[in-house]
Amino acid sequence: MNTIRIHLLAFLGLVLASSCVSDEENLEVIFQRDLEAIESYVQNTDVEYVRREDVGDSGVTLLFLESNPEGRQGVARDTLYVDYTGFLLDGTVFDTSVEQIARDNGIFNQNRPYMPFRIELGISSVIGGWHIALSQMREGEKAIALIPSFYAYGTQGSPPTIGPNTVIAFDLDLRSVRGPEPVE
């Protein structure tokens, strides 16, 4: 009886271990596919940008539309105010902080405020790709952030617009960088 239990436990362990390897392999395949989609977007876009920045091994790519070397760069815990427009690589807009863009794309919601979004860098509950991208920007800069699915909405997506394992992009306009706000 103990031999059967040992074999059963060993079998279950093997199944769990092999499923982890499979998941990791799948995540790597998805990440590579995301990188290819980002590179294809960059190569085929008509957007004129002043510089490109690939952020380390994250896969996040920034296409700077306006540069401001004199602007303050945010650091962890700084409060940033950013106007944004989120879109899929096919151009479908799914969210924005700009009222006219919301109206133009049929996503206007009269119950929400349209104003620059407040984020505490490294702290706020936003997708990881935002923290990565905004940490590379300076006040007054505008960039398109191309974000692999791992740093966006991952394997779950954000239905109904953003499917699982979907690369997303954001037009980011970093309006203001302020020091950490005092704790009340």
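None of the figures in this text is laboratory data; all of them are computed from the coordinates on show. These numbers come from a predicted model, not from an experiment. Here the Cβ is made from the backbone with ideal geometry for all residues, glycine too, and neighbour counts use every protein chain on show.
Summary of values
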read-out	value
Cα-based shape type of the range 86-184, given that a ≥ b ≥ c are square roots of the gyration tensor eigenvalues and the cut on a/c is 1.5	oblate
Residues listed by number, the range 66-102, amide nitrogen under 18 Å from R112 label point at 7 Å toward C-beta	81-89, 91-102
R0 of 22 Å, Cβ-Cβ distance D90-R33: FRET efficiency to nearest 0.05	0.90
Computed magnitude of the charge dipole of the range 50-184 (debye, nearest 20; Cβ of K, R +1, Cβ of D, E -1)	60
In nm, spacing of pseudo-spin labels at R52 and R103 (7 Å Cα→C-beta vector)	3.6
FRET efficiency estimate (nearest 0.05) - Cβ-Cβ, N26 to R138, R0 25 angstrom	0.10
Listed peptides 134-141, 50-57 by packing density, highest first (mean Cβ within 10 Å)	134-141, 50-57
Overall form of the range 2-178 per C-alpha gyration tensor (a/c, 1.5; a/b vs b/c)	prolate
